[in-house]
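Participant: One structure follows; several queries about it will come next.
FYI, it's all coordinate maths here, none of it is from the lab. For clarity, every value in this text was computed on a predicted model and none was experimentally measured. Positions of Cβ are generated from backbone atoms using ideal geometry, with glycine treated the same way; all protein chains shown enter the neighbour counts.
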Amino acid sequence: MDQNSLGVQLSYASVDRGDGSDPRAAATEVLRSVRALAAVRDATIAWGDADEAVLLIPVTDDDQVLTLTDEDTIATELTIGSLRDAFADAGLNLWIDGGESVDFDEFEAEFTADEESAVEHVDDDLPDEDEDDLDPELFEPQPVDVAAFSHRGPVAARFLAEVNGTDVVHAESGTWSLQRFRTTEPTGAWPSSAAELPLIELNRTGDGGSWIEVTARANETVPFWTDAERDTLPVLDIASIAVPETAEVYRRLLAEGDGTRDELEVLGARGVVDVDAAHRALVAESLGGVVGSEARLRAFLAAFRIPACLIDSALSAQIPVGQRFAPSGWIAAIGESFLSGIGEWTPLTRREMPWARVVRFVRARPAVGLAVGAAELVSGAVLARRRGVGRVAGILLIVDAVADLVIWAMRLSRR
């Protein structure tokens, strides 16, 4: 058959035993026996009662499972129903979309009156608990450590401190900035301009979990989990497949079947990321992916051309050296932002533009700034004596000049 004519999707299926024991080894044997082009997620981690065994099984549009023939070519003769039967024969339950649908009415009919009674009285033997005795911390949202990379200036850190009610540390390297903070609030509360994007946010939880959210355009955020496929193992030995085309199809199914490559291609088309480098940090280690949890995070972030020093600061347990902004109230935050000047608002990618250089030149020379403000005040006073548009322009110049002079006076008093 023509292996390029298949319409295939990678189905995420779960498998379990009735006694709750680890089904992964037995499930692997079943898949090997039928030579399915499948894989097992989290294949080597320790098993616990609450764990779930997940299988990656390629299925065609008409619910046929991809398998290998004796000649190592791809076949589509195994149905999902037959695969379920093979698992049942091994004492396993396979839960996968497609094939014969599950008759839930039959399950409901088998749920006897005695079982219903047992469920209704399941709390009879439990001690009574007053709601006041419950630990309120159990219901509190857990804080997340956020490291946000972008081209944003310090003003974003100042306002993030207000939005999240927490200290924010701002550090810069070249045209990139890092803002680190800890929060239980959504991190998209402060918008970014096009010149400040992309925004790459590394989120880490207290139990070691992590994910990355990438925003390349306003209101278009894509999440990535670098450890999601880290411990995925193919059921069959790809290197032992005699037909190279078949081996490549198998490898690409497992490496690209989750759709992350497609998401990266969109970002790559916008010049945001090195697609190949980022994808290596997402595919399974057994398929040539980056080895190690932290190494995968570093490789993924580096694919966006983020400076290594900022990545080191983001992954360090210590707070990076930089400006620290504490929440002080919105009025104070806005006032401080005006005092700090346009430079704090300017995206880092635009700091070398002529107007930005002029602003920095004037800011470094208070006498020049005062002279400009005084000249603006005199010009406004002259224009304000006229009629019509000239008078309005003059009044606006006076207001702007007074504001500038007050700001310069406050800056000099602080010095």
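Participant: Roughly how many debye, to the nearest 20, is the charge dipole of region 1-87 about its Cα centre, given +1 on each Lys and Arg Cβ, -1 on each Asp and Glu Cβ, and no other charges?
Facilitator: Around 140 debye, computed over region 1-87.
Participant: Now for a different question. Between ASP89 and ALA308, what is the spin-label point distance in nm, taking each point 7 Å from the Cα along the Cα→C-beta axis?
Facilitator: Between ASP89 and ALA308, the label points sit 5.5 nm apart.
Participant: Starting from the Cα of THR205, step 7 Å toward the Cβ, then list every residue of region 218-233 with an amide N under 15 Å from that point.
Facilitator: 224-228
Participant: A further question follows. Taking the convex hull of the Cα atoms, report for region 265-327 its projected area averaged over all directions, in nm².
Facilitator: Answer in nm², one decimal: 6.0.
Participant: Please report the net charge: other residues with Cβ closer than 15 Å to the Cβ of ARG230, K and R +1, D and E -1.
Facilitator: Result for the local shell: -3.
Participant: For region 33-73, what size does the Cα cloud have along each of its three principal axes, sorted from largest down, in whole Å?
Facilitator: Per principal axis, max minus min of the Cα coordinates gives 38, 23, 12 Å.
Participant: Can you check what the net charge comes to around ILE331, using other residues whose Cβ is under 13 Å from the Cβ of ILE331 (Lys, Arg +1; Asp, Glu -1)?
Facilitator: Local charge sum for ILE331: -1.
Participant: Under a crude label model (7 Å from the Cα following the beta-carbon direction), how far is ARG217 from ILE238 in nanometres?
Facilitator: 3.2
Participant: Could you please report the charge total around ILE241, scoring K, R as +1 and D, E as -1 over all other residues with beta-carbon less than 11 angstrom from its beta-carbon?
Facilitator: Charge balance in the 11 Å sphere: -3.
Participant: Report the GluC sites (Glu not before Pro) located in region 207-243 that are in a DSSP loop and have at most 14 other Cβ atoms inside 10 Å of their Cβ, or state none.
Facilitator: Counting only loop positions with at most 14 other Cβ atoms within 10 Å, none of the GluC sites (Glu not before Pro) in region 207-243 qualifies.
Participant: Another question, if that's okay. With a cut-off of 11 Å, note down the residues of region 142-183 whose backbone N falls inside the zone around a label point 7 Å from the Cα of LEU315 toward its beta carbon.
Facilitator: none
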